[in-house]
Amino acid sequence: MGPSERLSRPMPAIAVAMACLLALAGAVAHAPGAAAGPAFAMPDPDAFYHDVTGLSDAEPGEVLRAREIDAAVYGGAKGWQVAFRSTNSHGEPIVGVTTVFLPPAPMPANAARPMLSYQPIVNALGSRCAPSRALFNLEQVEAPGLLLPLQRGWAVNIPDHLGPGNAYGAARLGGMITLDSIRAVQSLPGLGLESSPVGLAGYSGGAMSTAWAAALQPEYAPELEIVGAVQGGLPADLEQMAEVIGNEPHPGFGLGFAAAIGLEREYPERFRMSPELNPEGQLLRDFLSNECRRSILLHGAFRGAAQLTRSQGWLGNSEAREVLRENSIRFFEGVPTIPVYMWHGRLDPLTPYDGVEEVAERYCASGSPLTFVTYDVAEHLIPAALGFNDAYEYLADRFRGIPARSTC
């Protein structure tokens, strides 16, 4: 790969989540006969989220039901929630849910309104923490930022990309749910988005689902007209992040522990953490299994895997490592065919730069149109605040039909 764009510019803590997750990452039961299983979240009490009527006969992205919601707090936008058929990590049908905002300003005659599919950071395990809930209960920290694309006149699609099981850490799942949410929204009558050009965006944990959606799209949803993806602070290698964190106490350990809980939910036969937990670890697991970001950060702070587990062999189990690699875009052979804008801090201690750089090199070698921006004197948080303006300008050019340049 040629030189990436190096900017002397010095973004959200999900990276800590994914990293710490992975001190427990190898959490696989060595002990035969251990009975402990995954800690699943309490289902949302609203049947809209889990009524499976028609699911078995539906195609991926097919709308199951939809309802209009009050979204006026988002700059006077109109809002809908859509339940649709998607697919889990094992190829089985699941119910996905997404939230759609339409800005109040009308589009010019004969112009298709652009649609941004924004995958937010979800450092959480409980059903009330999913974006369709968190956008309205003060849990979604990125919610004010959605005013920016709405002010540009773009429709905004915000999928619950952790799925119905709140499988925090299952990034490939997030990519499929994102693509199916776009299919559903574009097929829903009355929104006027059938022919909309689509852009993808996300940072950190949201970048994971965004990157996977972009890479899966050529095979999983080739019919979608996606004009570009912007992804920053990308956790490209979960296995590497596990090794960075290790077993010792860490201020963001709660988020990592939550991600291990999420992966065990999605891969209960292969990522078996719970049997390795000691009583203190099981108590913390049970408590956090329905919590959102702030509670998880608070109650997990300065704990460590060694304190909560029966043995120290976390990263030695091959099945656990396979799950981590299967959800690490660094090891996925598929590449996007759409233009991609990627940005990252070189000094990021939680989502190491070398993994993202390797992804960029592979994309360039494959001929993918890539713009890769490095913030040389920056870690994970600073680029979050600085990167989105340029990223949205990049997507605005794609919506206008301007060809993407490449830094390869």
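In table form, for the structure just shown:
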quantity	calculated
Of all residues making up segment 316-338, the number that are over 18 Å from Ala236 (Cα atoms) and in contact with a Lys or Arg (Cβ under 8 Å, 6 or more places away or on another chain)	1
Residue that is surrounded by fewer than 19 Cβ atoms within 10 Å (Cβ to Cβ) and at pLDDT 95 or above, where the choices are Pro222, Pro251	Pro222
Residues of segment 348-365 satisfying the condition of being among the hydrophobic types (A, V, I, L, M, F, W, C), within 21 Å of Phe388 (Cα to Cα) and modelled with pLDDT of 95 or more	Val356, Val359, Ala360
Residue ranges of strands (runs of 3 or more DSSP E) in segment 19-116 with at least 3 members on the phi > 0 side of the Ramachandran plot and either at pLDDT 90 or above or of a type in the set (Asp, Glu) (or both)	none
Pick from segment 354-408, criterion surrounded by fewer than 18 Cβ atoms within 10 Å (Cβ to Cβ) and among the hydroxyl-bearing types (Ser, Thr, Tyr), ranking: farthest from Val227 (Cα to Cα)	Ser366
Which listed residue, of Val335, Val323, Val373, is within 18 Å of the chain's Cα centre (by Cα), outside any loop (DSSP other than H, G, I, E, B), at pLDDT 95 or above and within 23 Å of Ala215 (Cβ to Cβ)	Val323
Single unsatisfied condition, Asn290 versus (1) of a type in the set (S, T, N, Q); (2) closer than 30 Å to Leu135 by Cβ; (3) part of a helix (DSSP H, G or I)	(3)
Segment 204-225: number of residues that are in contact with a Phe, Trp or Tyr (Cβ under 9 Å, 6 or more places away or on another chain) and in a loop (DSSP other than H, G, I, E, B)	0
Test: residue in segment 249-258 that is touching a strand residue (DSSP E or B) at 6+ places or on another chain (Cβ under 8 Å), hydrophobic (A, V, I, L, M, F, W, C), outside any helix (DSSP H, G or I) and closer than 23 Å to Leu350 by Cα	no
Candidates Ser132, Ser117 - the one that is within 16 Å of Ile69 (Cβ to Cβ) and in contact with a Ser or Thr (Cβ under 9 Å, 6 or more places away or on another chain)	Ser132
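Results for (1) within 22 Å of Gly300 (Cβ to Cβ); (2) surrounded by fewer than 23 Cβ atoms within 10 Å (Cβ to Cβ), shown as yes or no for each residue.
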{"position": "Val97", "(1), (2)": "no, no"}
{"position": "Pro106", "(1), (2)": "no, yes"}
{"position": "Arg113", "(1), (2)": "no, yes"}
{"position": "Ser117", "(1), (2)": "no, no"}
{"position": "Ile121", "(1), (2)": "yes, no"}
{"position": "Phe136", "(1), (2)": "no, yes"}
{"position": "Pro149", "(1), (2)": "no, no"}
{"position": "Ile158", "(1), (2)": "no, no"}
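Per-residue answers, yes or no, for (1) among the aromatic types (Phe, Trp, Tyr); (2) assigned to a strand (DSSP E or B); (3) touching a Leu at 6+ places or on another chain (Cβ under 8 Å):
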{"residue": "Ile121", "(1), (2), (3)": "no, no, no"}
{"residue": "Gln140", "(1), (2), (3)": "no, no, no"}
{"residue": "Pro144", "(1), (2), (3)": "no, no, no"}
{"residue": "Gly153", "(1), (2), (3)": "no, no, no"}
{"residue": "Ile158", "(1), (2), (3)": "no, yes, yes"}
{"residue": "Leu173", "(1), (2), (3)": "no, no, yes"}
{"residue": "Asp180", "(1), (2), (3)": "no, no, no"}
{"residue": "Arg183", "(1), (2), (3)": "no, no, yes"}
{"residue": "Gly190", "(1), (2), (3)": "no, no, no"}
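The values are calculated or read from the model by the stated rules, or taken from the named source; none is laboratory data. A quick note: this is a predicted structure, and the numbers were derived from the prediction, not measured. Don't worry about glycine lacking a Cβ; one is built from the backbone with ideal geometry, like all the others, and counts go over all protein chains shown.
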